[in-house]
Amino acid sequence: MSSTAQVTKRLQSDLMGLMMDSIPGISAFPDGDNMLRWKGTISPSDSSVYAGMQFTLDMQFPAGYPLTAPTVKFETPIFHPNIDMSGNICLDILKDKWSPTYTVSTLLLSIQGLLDTPNNDSPLNNQAAQLWNNREQFLKLAKRRYKRLPLS
């Protein structure tokens, strides 16, 4: 079996798992006919600072998946300590802590969890990290960014 066929088979399995488990607040599907590129969505919990918002992710799977981590970026603007203004995510399991046992579901759940428990010791957005404990000011900027308004 070719590596592309193996990746496709694994991604089909991940997709089936997502559809069967129906985990609240996360979903993902291939973007058209390309099994190596997916669109994901994350809806944070009602207790989240991001409650009421929904975020779209671009997910690109390499030829080495699941041995190699996918590339995941936020398409929806977000103000977060571990996500830069271009949507890049600083999350260990997308880098050196990736494991082939992770599925699309576990990846999305990890990103969903990151929204409420950022790693302020390793920020990509220093302003967001500094304001994280000032909920009122943080939420004001988070809502502006979500609505695509200037942060100033």
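Taking (1) over 19 Å from PRO44 (Cβ atoms); (2) within 18 Å of the chain's Cα centre (by Cα) in turn, GLN130 satisfies each apart from (2). In region 45-67, which residues are more than 15 Å from ILE89 (Cβ to Cβ) and buried (at least 16 other Cβ atoms within 10 Å of the Cβ)? Listed by number, the residues that qualify are VAL49, MET53, PHE61, TYR65, PRO66. Considering region 27-51, the residues that are assigned to a loop (DSSP other than H, G, I, E, B) and of a type in the set (A, V, I, L, M) include one that is farthest from ARG10 (Cα to Cα), namely VAL49.
For beta carbons closer than 8 Å, sequence separation of 6+ or different chains, a first residue in region 79-99 that is of a type in the set (Lys, Arg) and a second that is assigned to a loop (DSSP other than H, G, I, E, B) and surrounded by 18 or more Cβ atoms within 10 Å (Cβ to Cβ), the qualifying pairs are LYS95/ALA69. For region 8-26, the candidate set comprises residues that are assigned to a helix (DSSP H, G or I) and in contact with a Pro (Cβ under 8 Å, 6 or more places away or on another chain); within that set, the residue that is nearest to LEU108 (Cα to Cα) is LEU15. If you scan region 96-115, which residues turn out to be surrounded by 17 or more Cβ atoms within 10 Å (Cβ to Cβ) and not in a helix (DSSP H, G or I)? Hits for region 96-115 are TRP98, TYR102, THR103.
Values quoted throughout were computed directly from the atomic coordinates according to the rules given, and no laboratory measurement underlies them. Just so it is clear, the model here is predicted, and its values are computed rather than measured. Note that each Cβ is placed from the backbone with ideal geometry, even for glycine, and that neighbours are counted across all protein chains shown.
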